[in-house]
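Comments concern the structure below.
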Amino acid sequence: MSTIYILWLREVKRYLRSRPQIIASLAQPLLYLLVLGFGLGAVFQNAGQGSYIQFIGPGVIGMGILFTSIFSGIGLLWDRQFGFLKETLVAPVPRLQIMAGRTLGGATIAMIQGTLVLVVCMIAGFRPQGVAAIPMALMFMALTAIVFAALGTAIGSTLKDMQGFQLIMNFMVMPIFFLSGALFPLSNLPTALTVATRLDPMAYGVDGLRASFIGLSQIGIATDVVVLAIVATLFLILGARAFSRIQV
């Protein structure tokens, strides 16, 4: 357990030291929130859907968590390039603990990032339905962060260069985000698009956040929790297997 804690702490400290990166990572969620939130607000309201800022807020928070957690896999490639990963892997500790520490570190960083995005959303006018919504929202933030931190670790374990990782991540991240329902309701969609959104784990994270913050769920909170827990377990297993096969 000490190995997991040390690696978790290392990932968190590395993130907290990179203050310019923290500020820069808020730019994209802020862009979506302000440009789309206020730009499409009148259209959304005229369609009888209420405040678009209230609707898009949980989606933007989910986006911050998604991007931060899945790109935590880049740290794995960085450590491999500069030799720290080799030193870690030859240590007399199970690789499963190393993978768990890195994944939990990436998930914690994603939760911190999601909390910062929540603060920005509240400044822009987003209002949760009450303080009681926070614990459930934190649960969904944690589940979403673990799902995609494990996925990032699994992909990072199979690649050897950062260019390949960035290409794969850009190919995956944007479809995952846009099919999650972060920017539009998931009701009354064409059948093919409905199936695609149901296969997207991020859709359950966004739906859970939206249910927690504003009491609006299009899938169901129980379904959101079960699916996220199952996918998190699956990705952790896949990530552990990929990590165990890394050649020193």
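Kindly evaluate Leu76 against the criterion of being modelled with pLDDT of 70 or more, within 20 Å of the chain's Cα centre (by Cα) and in a helix (DSSP H, G or I). So Leu76 fits the description; yes. The test for being among the β-branched types (Val, Ile, Thr), touching a helix residue (DSSP H, G or I) at 6+ places or on another chain (Cβ under 8 Å) and over 28 Å from Arg95 (Cβ atoms) holds for Ile214. Candidates in the stretch 222-248 are the residues that are β-branched (Val, Ile, Thr) and without any contact (Cβ under 8 Å) to a residue 60 or more places away in the chain; of these, the one that is nearest to Pro185 (Cα to Cα) is Thr223. Restricting attention to the stretch 169-206, the residues that are without any contact (Cβ under 8 Å) to a residue 40 or more places away in the chain, among the polar types (S, T, N, Q) and in contact with a helix residue (DSSP H, G or I) (Cβ under 8 Å, 6 or more places away or on another chain) add up to 1.
Within the stretch 181-213, the set of residues being at pLDDT below 90 and closer than 21 Å to Cys121 by Cβ comprises Gly181, Ala182, Leu183, Phe184, Pro185, Leu186. Val119 meets each of the listed conditions (1) assigned to a helix (DSSP H, G or I); (2) touching a Leu at 6+ places or on another chain (Cβ under 9 Å) apart from (2).
Does the stretch 159-171 contain at least one residue that is closer than 24 Å to Gly37 by Cα and loosely packed, with under 14 Cβ neighbours inside 10 Å? There is at least one residue in the stretch 159-171 that is closer than 24 Å to Gly37 by Cα and loosely packed, with under 14 Cβ neighbours inside 10 Å. Restricting Gln81, Gln97, Gln21 to those that are under 17 Å from the mean Cα position of the chain (by Cα) and either at pLDDT 75 or above or under 28 Å from Ala232 (Cα atoms) (or both) reduces the list to Gln21.
The values are calculated or read from the model by the stated rules, or taken from the named source; none is laboratory data. The structure displayed is predicted, hence computed values, not measured ones. Please note: Cβ atoms are built from the backbone with ideal geometry, for glycine as well, and neighbour counts cover all protein chains shown.
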